[in-house]
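Everything on this sheet refers to the single structure shown next.
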């Protein structure tokens, strides 16, 4: 009945009846906020102050602030390291699970668990691990081994490394599960043929596994990059962007601009930069994939 | 027969309806998680309120106070009801920013629970209503003077400051004979407890957060006579005589780490939890904490009375004192005069009157903001600890009521971080702070007209 009705509407050229709800949802919850952010970025608007004017002052303030370049540097280090390690460790984990070793089911469950844990919880959990206080788990072990406590969260370089490790822990599960699914889809016949031809395990990996995984790897890279650029919750809980701004990524800077300093205009500029970063990196990845396919 | 039966059933139903209607009428005044007052009231107020001022509070004593006091108010105002919109615990910034936006759009609740250091944002935006017609001069005068810098503007009162706190230096009295009075004393005592007892010296939350300012800058800065803002909210904390005063504070904080009086960890501490865990483990000699920590230490440390005591903040000079005081206020947004009056009656009967403040402070373990509560309520006047808090509040300071304050505080936290990790000298950090603060001010000024 419904299909008949649909066919009738299609014949009458009323296809928009089916598309309208989707367009409304996309327009209201995705397009409008993006356009709104874009508009606000060209104002000097502050939260709670109805007086604002259209100006480039927010862009000027952000671009001339020395903080921006440090924030971009931290964001790139954080995101690119996260992408590399999540992909690499995810691949290793997926390959090991595929071997169906003892406990593989438990590992799969743990991977999903890590991924679904909210960022704030991840931050608090890793803070307990890194803390130099008497309850810091990692430092407890380090000190038991006879070394001095390591200021994981008080040293700028160590703090950024700590934030990256926490993010890698969180995202590796997702990356691994995606790659595991792709691995399962590779036909066994390919490996059997390679074996008959005398290919080693390493050669099979390079000639079969990696090329077959490439589309999924590329999707993974794009998703991890976007997730990493948008990560602020776990860093907020772990270091609040400190010490001395050494772990302030662009999403955290946008959050701080709006909710701490009430600078809606500048927060929107940072949000626009975040979007641009994600778009640019996604385009680079797609370009790389296309060129290799050709 | 059947007709008789039908009549009987109808009569019974009528009787039951009357009984239920009567019961409903009697039960119309309620204090629930989301509502206070007459459920059938046609006049309804709305309030954005902290969870702990509703019966959602996890503390029994608070729930008991709210149930009793709110019911008393509701019975005295049978034609009114109040819808409670509970703020999310732990999300002050987001909630305050949301309320500010709602108020700007004209859709905010009629009255709100407002963090004291956000009052300036609402005042600068012209969103708060004066409450002078609804409070007596005697009530106004009873509040500590430092609260008035926030709650009053141009001679009018805009908020009731419900409770406060003070920052203190807690020390191990069983290990330290003479409590530190100056920064030098503090460093000496911290090094002594480390060397002699093998525990951490001095802990304070100096991480990148409001604590860097509220716990580690302003009290030291104000005690030297420093000022954050000049006229028209122009930041002056890094210029003129203030410059050296702020440099002194940054240099002191750096000395704490350089001398080893504090571990480097303090750079990553953004709250008190890690400090209290060390207190519990008997692993620290001196800490910065709030007045609320007295009961916490009693709860988590065995023989706390014999181990811990508190003194005023250590300062650069022994004869100077200052404190930084926080807390929450209550303010009215509605322009409807009748609603304003009723909202204020709720605020005063739950929080702001002398009796309400005393009762609430006891039930909530809060510190009152009215000096007459400390002077004449025996719970406070006869308790030596409360009287020491009272002395501290006499040196109280509130963070300035300017919407530019959060920006300046954030810049200060950032610059202190730069000093503590060794990226900048104290003088470089103060100069950079002043430069950035003026840039922010100029932009802010443009949006204020």
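Of all residues in the range B:118-138, those satisfying the criterion of being touching a strand residue (DSSP E or B) at 6+ places or on another chain (Cβ under 8 Å) and assigned to a helix (DSSP H, G or I) are B:119, B:122, B:123, B:124, B:132.
For the criterion of being farther than 30 Å from residue A:276 by Cα and at pLDDT below 90, residue A:115 fails. Considering only residues that are surrounded by fewer than 21 Cβ atoms within 10 Å (Cβ to Cβ), in a strand (DSSP E or B) and modelled with pLDDT of 95 or more, which ones fall in the range B:284-336? B:308, B:309, B:311 - these are the residues of the range B:284-336 that are surrounded by fewer than 21 Cβ atoms within 10 Å (Cβ to Cβ), in a strand (DSSP E or B) and modelled with pLDDT of 95 or more.
Filtering the range A:91-149 to residues that are surrounded by 14 or more Cβ atoms within 10 Å (Cβ to Cβ) and either touching a strand residue (DSSP E or B) at 6+ places or on another chain (Cβ under 9 Å) or in a loop (DSSP other than H, G, I, E, B) (or both) leaves A:117, A:131, A:132, A:133, A:134, A:135, A:136, A:149. Considering (1) touching a helix residue (DSSP H, G or I) at 6+ places or on another chain (Cβ under 9 Å); (2) within 28 Å of residue A:70 (Cβ to Cβ); (3) within 12 Å of chain B (Cβ to nearest Cβ), the lone condition that residue A:157 does not fulfil carries the number (1).
When the helices (runs of 4 or more DSSP H) confined to the range A:1-80 are screened for residues that are at pLDDT 90 or above, in contact with a strand residue (DSSP E or B) (Cβ under 9 Å, 6 or more places away or on another chain) and surrounded by fewer than 15 Cβ atoms within 10 Å (Cβ to Cβ), those reaching at least 1 such residues are found at A:32-41.
Residue selection: residue B:149 satisfies the criterion of being modelled with pLDDT under 95 and closer than 27 Å to residue B:364 by Cβ.
For the range B:246-272, filtering for residues that are away from every other protein chain (no Cβ under 13 Å) and either out of contact with any helix residue (DSSP H, G or I) (no Cβ under 6 Å at 6 or more places or on another chain) or free of Cβ contacts under 8 Å to residues at least 24 places away in the same chain (or both) leaves 3. Just one of the listed residues (A:278, A:234) is under 21 Å from residue A:171 (Cβ atoms), more than 14 Å from chain B (Cβ to nearest Cβ) and in contact (Cβ under 8 Å) with a residue 60 or more places away in the chain, and it is A:234.
Taken over the range B:61-115, the criterion of being within 13 Å of chain A (Cβ to nearest Cβ), buried (at least 22 other Cβ atoms within 10 Å of the Cβ) and assigned to a strand (DSSP E or B) is satisfied by B:112, B:114. Looking at B:371, B:376, just one residue is away from chain A (no Cβ under 14 Å) and either at positive phi or free of Cβ contacts under 8 Å to residues at least 60 places away in the same chain (or both), and that residue is B:376.
Before we move on, is residue A:110 within 25 Å of residue A:271 (Cα to Cα) and modelled with pLDDT of 80 or more? So residue A:110 does not fit the description; no. Out of curiosity, is residue B:144 within 13 Å of chain A (Cβ to nearest Cβ) and in contact (Cβ under 8 Å) with a residue 24 or more places away in the chain? In short, no. Mind listing just one residue for me: the one in the range B:398-434 that is without any contact (Cβ under 8 Å) to a residue 60 or more places away in the chain and in a helix (DSSP H, G or I) and, of those, nearest to residue B:153 (Cα to Cα)? Filtering first and then ranking leaves B:407. Considering only residues of the range B:354-381 that are over 19 Å from residue B:63 (Cα atoms) and outside any helix (DSSP H, G or I), which is modelled with the lowest pLDDT? Within the range B:354-381, the match that is modelled with the lowest pLDDT is B:377.
Could you check, for the range B:32-39, whether at least one of its residues is touching a helix residue (DSSP H, G or I) at 6+ places or on another chain (Cβ under 6 Å) and closer than 11 Å to residue B:80 by Cα? There is at least one residue in the range B:32-39 that is touching a helix residue (DSSP H, G or I) at 6+ places or on another chain (Cβ under 6 Å) and closer than 11 Å to residue B:80 by Cα.
The values are calculated or read from the model by the stated rules, or taken from the named source; none is laboratory data. Small disclaimer: the values here were computed from a predicted structure and weren't measured. Note that each Cβ is placed from the backbone with ideal geometry, even for glycine, and that neighbours are counted across all protein chains shown.
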